[in-house]
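A short worksheet on the structure shown next.
None of the figures in this text is laboratory data; all of them are computed from the coordinates on show. Values in this document were obtained by computation on a predicted structure and should not be read as measured data. Neighbour counts run over all protein chains shown; Cβ positions are idealised from the backbone, glycine included.
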Amino acid sequence: MADLEEHFDDSNPWNLVQSYMEKKTVLPVKVEGIVNGGAIAMVEGLRGFIPASKLSLSYIEDLETYLLKDIEVRVIDVNQAENRLVLSAREILKEKERKAMEEKIANVKVGSVMNGKVESLQNYGAFVRLEDGLSGLVHVSQISQKRVKSPKDVLNVGDEVKVKIIGVKDGKISLSMKALEEAVEEPEEKVVIPKSESIGTSLRDLFKNIKL
């Protein structure tokens with residue numbers, strides 16, 4: 001019976017694409033046509049439609065740029081009765097982006113100092129886009145040595161800032177501006193050590209008024 005089913009699957013491309021959808025199989029295809037709202041690619045001899053929103057992670061200005069392009073897709077909808085086969089590249093691109101991001105975060109070194117740009121402000125802190133494309137949070141308590149009630153009081157979206165990576169946990173990066181502020185100010189704190197002569201002098205002055 002299993003052999004008959006396998007033969008049946010092989011002989012009917014609709015059964016094949018159905019199995020591709022269930023297994024989330026990654027299929028290399030070539031975009032063979034551009035139509036209203038998307039692109040066309042062939043899978044097992046069937047005409048598959050890729051909606052424009054499923055071609056990329058970002059908005060595509062000109063779909064024609066995808067003509068004859070080799071891409072990877074998954075089958076996301078199959079309906080033999082309606083002769084409908086819908087494909088998507090978006091999920092694959094999302095997974096690749098997430099993996100690349102995870103690799104970048106894994107290589108982040110605590111203690112590193114980086115330049116960044118404030119991308120959003122919340123009551124609890126500022127999100128900063130780092131120079132390597134990663135984002136991290138400067139908690140409100142890590143913005144300055146001075147007490148900051150709200151990040152909006154001292155920062156604006158778009159501000160260029162220098163931050164220190166103080167922690168990485170569960171894929172989230174913790175940043176500090178305060179840590180660098182302290183590092184800059186420490187050398188300025190001069191401790192004056194009295195010379196031995198002046199110590200001697202002050203002792204003589206002290207004993208001068210004491211009658212032994």
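Observations, loosely collected:
- Qualifying residue in the range 115-124 (condition: in a loop (DSSP other than H, G, I, E, B) and under 18 Å from the mean Cα position of the chain (by Cα)): no
- In the range 63-89, the residues that are within 15 Å of PRO28 (Cα to Cα) form Cβ pairs under 9 Å with partners that are in a strand (DSSP E or B) and among the polar types (S, T, N, Q), at six or more places apart or across chains, as follows: VAL73/SER88; ARG74/SER88; VAL75/SER88; ILE76/SER88; VAL86/ASN79.
- If you go through the range 104-114 and pick out every residue that is touching a Leu at 6+ places or on another chain (Cβ under 6 Å) and in a strand (DSSP E or B), you end up with 1.
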